[in-house]
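The next block holds one structure in the form of structure tokens; read it before the comments.
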Amino acid sequence: MPGFVETFFNLEIMRAALPYLLQGLGTTLLLVLLVVPLGIAGGLAVALLYRSPRRRVRWPLILYVDFFRAFPPLVLLIFLYAGLPFAGIEIGAFTAVAIGFFLNNSAYYGEVLRAGIESVPRGQWEAARSTGLSAPRAMLWVVLPQAVRNVLPDLVGNTLEVVKLTSLASVVALPELLFAARQAQSLTYNPSPIVLAAIIYLVLLWPFVRLLSRLEHRMLVSR
Amino acid sequence: MQREPPVLSIRGLRKSFGATEVLRGIDLDVRPRELVFVIGPSGSGKSTLLRCCNRLEEPSDGSILFDGTDIRAPGTDINAVRRRIGMVFQSFNLYPHMTALGNVTLALRQVLKKPRREADEIAAAALARVGLADKQGAYPGELSGGQQQRVAIARALALEPKAVLFDEPTSALDPELVGSVLQVMRDLREAGMTMVVVSHEMGFARAAADRVVFMDQGEIVEEGPPAAIFGAPQHARTRAFVDQIVRH
Ligand SMILES: Nc1ncnc2c1ncn2[C@@H]1O[C@H](COP(=O)(O)OP(=O)(O)OP(=O)(O)O)[C@@H](O)[C@H]1O
Ligand SMILES: [Mg+2]
């Protein structure tokens, strides 16, 4: 029976798998660059629409946000990828991931941004409007910068979660980092590629984790 | 001078929040270069009156003419009206993420579409006018309350308003900082600015107001020159209120 190191930290296998995993990393990064901006844009739309005084607008939004925050993203992905074809709608793995992440992320980012906007005192809005700024300009120049600053730790934390969640795309055979690692694992009958993938995630995310904890600390101190 | 049309002309103004009527038919004219001082107990509707004048609060009924424009008419561009009515708030409401200069230039650039150079020049002049020429680069958090309120006044002045509304501009200030803000307001009056001031600074009212308006429970109970309102009020409610504040 092979030893622990040979099994989980087999450098030879890691070296062989590395190019393949880096390719997977490329796909992961592309995915992040797609789903994070889309999610933030969707979340911003949710947060802005939520300001509507009409209950008919706010109600469906609350349902939307609650639903997609409660719905497990893995199930959502499988449903979009494997379930929709039964309804006669055929979408590829990439589209399924893009849609699934958009629904999930816009709900989460929407909540964060809504809290941010609500944290800006009403007087800021009124001061801006009283100088003749239109509602969109008052939002863009006065409210949003303060809103984002107030919830920056939550935004960064949420984005970290999204990066980690992109590994879910492996279940619909999108060749991102984890998928590449699992393929390498099944080819080599050795889990070292998975360990290598974990190391890559760690190296990739650690600076952002540091940043997050510094932001959180700064928010606490400034309070 | 009496024949000049009023800058602000309010008729039958009513405002309700839900079932409570906060303004119950206000009639008020403010003439050019006049300083109208509004007093009244807490909750009498003074802030609501000012906020209806630029529709930060939507009036329930009545008419408001500002510089000849019916601000409640469907076709009125409210943003165009607002930039000609300055508003100064009790809590300053400076934008904390912008410098003093940035606070003043924002509307110049975004509303009046001035190029940066020109906006900066106008803003610098406005800050100099309130005695803060050397604070252009300071953030609100680095300024005293009195300095912040003067930046807020500069922000309003830079748009060359036809009138400025002040809602308790000195109430949030430490006593030793009140003077600097009142001095700026006095200078403004000297320069002929039309002003409506809600405040408890009776000394300022006596010295600078053309007219004092006493409000209670959403109505104007009495108005007249400061000497008359403070010295010989006609109504019992006015007398009670004036007695109370003079004693303090
Ligand atoms: N947005 C609002 N919703 C509901 N009620 C309001 C609102 N704004 C003001 N009111 C009520 O309207 C009344 C008048 O308020 P307003 O702020 O105009 O009084 P004020 O004379 O300025 O008082 P103060 O001297 O305390 O500033 C108060 O009873 C207040 O509770
Ligand atoms: Mg008030």
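The values are calculated or read from the model by the stated rules, or taken from the named source; none is laboratory data. Remember, it's a predicted structure, so these values are computed and weren't measured experimentally. So basically every Cβ, Gly included, is an ideal-geometry build from the backbone, and we count neighbours across all protein chains shown. All accessible areas refer to the heavy atoms of the entire protein, side chains included, with ligands and DNA or RNA removed. Shrake-Rupley method; radii C 1.70, N 1.55, O 1.52, S 1.80 Å.
Starting from the Cα gyration tensor of the stretch A:125-223, take the square roots of the eigenvalues, sort them a ≥ b ≥ c, and report rounded, prolate or oblate (rounded when a/c is under 1.5, otherwise prolate if a/b is larger than b/c, else oblate).
Oblate is the answer for the stretch A:125-223, as a/c is 1.5 or above yet b/c matches or exceeds a/b.
Points 7 angstrom from Cα along the Cβ direction at B:Ala80 and A:Phe67: gap in nanometres?
4.4
Run the numbers for A:Leu220 and A:Tyr189: contour at 0.36 nm per residue of separation, minus the present Cα-Cα distance, in nm.
This chain segment gains 6.4 nm when fully extended.
Along the Cα→Cβ direction, 7 angstrom out, place labels at A:Leu211 and A:Arg54. What is the inter-label distance in nm?
3.8
With r defined as the distance between the Cβ atoms of B:Ala232 and B:Asp61 and R0 fixed at 35 Å, what FRET efficiency is calculated, to the nearest 0.05?
Given R0 = 35 Å and the Cβ-Cβ separation, E is 0.55.
For B:Ile220, what residues show an amide H to amide H distance below 5 Å, using hydrogens built from the backbone and excluding near sequence neighbours?
Correct list: B:Asp27.
Using only Cα atoms, locate the centre of the stretch B:46-92 and the centre of the stretch A:66-130, then give the distance between them in Å, rounded to an integer.
About 38 Å separates the Cα centre of the stretch B:46-92 from the one of the stretch A:66-130.
Would you please state which residues of the stretch B:69-85 a label at A:Leu140 would reach in this model, taking the label point 7 Å out along Cα→Cβ and a backbone N cut-off of under 18 Å?
B:79-80
Would you kindly find the accessible area of B:Tyr139, with a 1.4 Å probe and non-protein molecules such as ligands, DNA and RNA excluded, rounding to the nearest 10 Å²?
Counting only protein heavy atoms, B:Tyr139 exposes about 100 Å² to solvent.
Show me, for the stretch A:121-127, the HN-Hα J-couplings you get by feeding each phi into the Karplus relation (A = 6.51, B = -1.76, C = 1.60, θ = phi - 60°), rounded to Hz, glycine and proline as x.
Ordered by residue, 3J(HN,Hα) equals x, 4, x, 5, 4, 5, 4 Hz.
Report, by chain and number, residues whose modeled amide H sits under 5 Å from the one on B:Val197, excluding near sequence neighbours (fewer than 5 apart, same chain).
Amide H neighbours of B:Val197, under 5 Å, 5+ apart: B:Val36, B:Phe37, B:Val38, B:Phe166.
Under unit Cβ charges (Lys, Arg +1; Asp, Glu -1), what dipole magnitude, rounded to 20 debye, does the stretch B:116-230 have relative to its Cα centre?
Charge dipole of the stretch B:116-230: 380 debye, to the nearest 20.
In the stretch B:105-158, if the dipole is taken from +1 on Lys/Arg beta carbons and -1 on Asp/Glu beta carbons about the Cα centre, which of B:Ala133, B:Gly146, B:Val111 is farthest to the positive end?
Sorting the options by dipole projection puts first B:Val111.
Within the stretch A:185-205, what residues put their amide N at less than 18 Å from the label point 7 Å along the Cα-to-Cβ vector of A:Val5?
Residues passing the 18 Å test: A:191-193, A:195-196.
Just to check I understand the Karplus step: with θ = phi - 60° and J = 6.51 cos²θ - 1.76 cosθ + 1.60, what whole-Hz values come out for the stretch A:174-181, glycine and proline as x?
With coefficients 6.51, -1.76 and 1.60, one gets 7, x, 8, 4, 5, 4, 4, 5 Hz.
Provide B:Ile10, B:Ile78 ordered by accessible surface of protein heavy atoms (probe 1.4 Å), highest first.
The ordering from most to least exposed comes out as B:Ile78, B:Ile10.
Going by a ≥ b ≥ c, the root eigenvalues of the Cα gyration tensor, does the stretch A:4-222 fall in the rounded group (a/c under 1.5), the prolate group (a/b larger than b/c) or the oblate group?
Verdict is oblate for the stretch A:4-222.
Length gain on complete extension for the stretch B:Thr69 to B:Ala128, per 0.36 nm per residue less the alpha carbon to alpha carbon distance?
18.1 nm
Just the accessible area per residue of the stretch A:4-222, please: how many Å² with a 1.4 Å probe?
For the stretch A:4-222, the per-residue accessible area is 54 Å².
For the protein assembly as shown, what is the charge dipole size about the Cα centre, in debye to the nearest 20, if Lys and Arg each add +1 at the Cβ and Asp and Glu each add -1 at the Cβ?
420
Rounded to the nearest 10 Å², what accessible area does B:His97 show when all protein chains are kept and the probe is 1.4 Å?
40
GNM on chain A, C-alpha springs below 10 Å: top fluctuator among A:Ala96, A:Ala16, A:Ala135?
A:Ala135
Which of B:Ala133, B:Ala100, B:Ala19 moves most in a GNM of chain B, Cα contacts under 10 Å?
Of B:Ala133, B:Ala100, B:Ala19, the most mobile in the Gaussian network model is B:Ala19.
What's the total accessible area buried between chains B and A, using a 1.4 Å probe, rounded to the nearest 100 Å²?
In total, chains B and A hide about 1700 Å² from solvent.
Charges on Cβ only, +1 for Lys and Arg, -1 for Asp and Glu, centred on the Cα centroid of the stretch A:73-223; of A:Pro121, A:Ala96, A:Pro175, which one is farthest towards the dipole's positive end?
The residue sitting most towards the positive pole is A:Pro121.
Which whole-Hz couplings ³J(HN,Hα) result when phi for each residue of the stretch B:159-165 is put into the Karplus expression 6.51 cos²θ - 1.76 cosθ + 1.60, θ = phi - 60°, listed in order with x for Gly and Pro?
Karplus values, whole Hz, x for Gly and Pro: 8, 6, x, 7, 7, 10, 9.
Comparing B:Ile26, B:Ile85, B:Ile39, which has the greatest mean-square fluctuation in the GNM of chain B with Cα pairs linked when under 10 Å apart?
B:Ile26
Under a cut-off of 27 Å between alpha-carbon atoms, report the lysines in cross-link reach of B:Lys46, not counting same-chain residues fewer than 8 places apart.
B:Lys15, B:Lys162
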